[in-house]
1. Order these peptides, A:135-141, B:15-21, A:40-46, B:111-117, by their mean beta-carbon neighbour count within 10 angstrom, highest first.
2. Which ³J(HN,Hα) values, rounded to whole Hz and listed in residue order, are derived for segment B:93-102 from phi using the Karplus coefficients 6.51, -1.76 and 1.60 in 6.51 cos²θ - 1.76 cosθ + 1.60 with θ = phi - 60°, glycine and proline given as x?
3. For the protein assembly as shown, state the average projected area of the convex hull of the C-alpha atoms over all orientations, rounded to one decimal in nm².
4. Taking each residue of B:15-28 in turn, how many C-beta atoms of other protein chains fall within 10 Å of its C-beta, and what is the average?
5. Taking neighbour counts of Cβ atoms within 10 Å as a proxy for exposure, in what order, fewest first, do A:Thr166, A:Thr150, B:Thr36, A:Thr279 appear?
6. Report the label-to-label distance for A:Glu202 and A:Trp225 in nanometres (one decimal), using points 7 Å from each Cα along the Cα→Cβ vector.
7. With a 10 Å radius around each residue's Cβ, average the other Cβ atoms per peptide and rank A:192-204, A:301-313, highest first.
8. Hey, what's the per residue convex hull volume over the C-alpha atoms of segment A:48-267, in cubic angstrom?
Amino acid sequence: MIEEYIYDYIEKAERNDKRSIGRLLTFLESSPSQAFKVLNIILRNNVGKAHVIGFTGIPGSGKSTLISKLIHHYIKDNYKIAVIAIDPTSPLSRGAFLGDRIRMQEHSLNPNVFIRSVSTRGLKGGLSFAGVAMVELFDYLGYNKILIETVGVGQAETDIMNIAHTVIVATMPGVGDEIQVLKAGVMEIADIYVLNKSDKEESQKTFEYLDFLIESREIGSRIGWKPKLLKTSALMGQGVEELRNSIEEHLDYCTSQGYFDHKINLRRKTLVKLFLEKTLIDKLSEEFEELKSMNVEDFSSQLNILRKKIEYFLREFDKYI
Amino acid sequence: MVAKLGLNGHDRGAKIVARVLKDAGMEVIYTGVRQTPEQVVETAIQEDVDVIGVSILSGAHISLMKKLIENLKDKGVEHIPIFLGGTIPLLDIPEIEKIGVDKVFLPGTSLNEIVKYVYDAALKKRMKIRD
Ligand SMILES: Nc1nc2c(ncn2[C@@H]2O[C@H](COP(=O)(O)OP(=O)(O)O)[C@@H](O)[C@H]2O)c(=O)[nH]1
Ligand SMILES: [Mg+2]
């Protein structure tokens, strides 16, 4: 039976065998059918328990450094911590430079910390199907805090709202376009705003402006939680404990209001949507390659060819996955 | 994965290799400078990498690579191919290869050659893993 080895990996992963966890994560980011086999096992009767925390915000604002400092606190609390660090795939070469680990390598030998780098592999969102599936695996394995780092560009970052219990947006002082970013909506999604690099001189002005926006409700509160604004210097380790406390406060709020389980529900529905999306896009791309070499000229015939292929694929779906 | 092993803090060369591999369509995990052999192995395991590239400028390449390979064996992942670059003298190559390093690139090696090696090494490694 083909699933035998997957059970084997899962059993070892449950005993925190890092190599098996690493392999399973690879399955989740390879073909949809491979991922399906893993998810089909781990999502059976599994009630989610992990606190999922999303970090987003402009490149260079210090997300990776902040996460690393936060991990120090979580280690003291005896938590098991997973980091999913997502970086964009280059649309031209389809390669990726995954450099978030640079800031986190001090934790690489800690048995209670697992860090995995992920590239978006051409998916429109910052959060791919693989990223969400990985959250489910770490949750299944009993990790307490799952930290997701995504690059804060574009509308698709709002995906993180469907996945994370707590969303943190990091920014830094003296970024010319920052206000535009703010207005564009990327910054409207946070439960906690962090102005990092507050060791820099210009920081007070930016802080006051952000504070004004929150106080005047220019950037909104969600589900009755008024977003917090914190000043940190990840480099100096300042404000990190306050950040940790604010995250816990938000978690308590979520739990008391019933949003904790609601989010898990939403996350799993998002997973199904992303799974189907990826499966269909993969299939469509495959058929498109074939269409390119076919001698069909008009729009409706071309559409018909692709439509029939997809219809057939959906009818035979069980056999493919 | 590309890592800078040892105490020397310069990583220009390692970064150039990482960029070139990226431009060739690979996903490159970059660990930064001053990594220990233990860190390199643990990172390779968590990231489930196909190939490990190591840059050493400190002169301690033989002892560092020995430790690295020992660690790989301890953890049962010695099937991951390793290539080494940096300031490696020609005369040291036989000994380094005997330790179990798959490939050594001398200073001045063309970047194309490195890309081609990594591509082939990754394919070979993937074919070895049954699943
Ligand atoms: N001055 C200052 N620099 C910082 C701070 N936090 C991070 N950095 C630096 O900012 C750069 C980008 O940090 P990184 O964590 O990689 O940012 P990311 O792209 O948002 O993950 C690095 O060179 C960090 O050392 C801070 O609080 N103050
Ligand atoms: Mg980062």
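None of the figures in this text is laboratory data; all of them are computed from the coordinates on show. Since this is a predicted model, take the numbers as computed values, not measurements. Note that we place each Cβ from the backbone using ideal geometry, even for glycine, and neighbour counts take in every protein chain shown.
1. Working: A:135-141: 23.3, B:15-21: 20.0, A:40-46: 12.7, B:111-117: 14.7.
Descending packing order for the listed peptides: A:135-141, B:15-21, B:111-117, A:40-46.
2. Listing the rounded values in order: 4, x, 5, 5, 5, 5, 4, x, 6, 6 Hz.
3. Details: hull surface 99.2 nm².
Result: 24.8 nm².
4. Values: counts 2, 0, 0, 4, 2, 1, 3, 9, 5, 3, 7, 5, 13, 7.
So the per-residue partner count for this stretch is 4.
5. Details: A:Thr166 24, A:Thr150 28, B:Thr36 18, A:Thr279 21.
Placing the least packed residue first, the sequence is B:Thr36, A:Thr279, A:Thr166, A:Thr150.
6. 3.0
7. Numbers: A:192-204: 19.9, A:301-313: 12.9.
By packing density, highest mean first, the sequence is A:192-204, A:301-313.
8. Working: hull volume 25.5 nm³, N = 220.
Dividing the Cα hull volume of segment A:48-267 by its residues yields 116 Å³.
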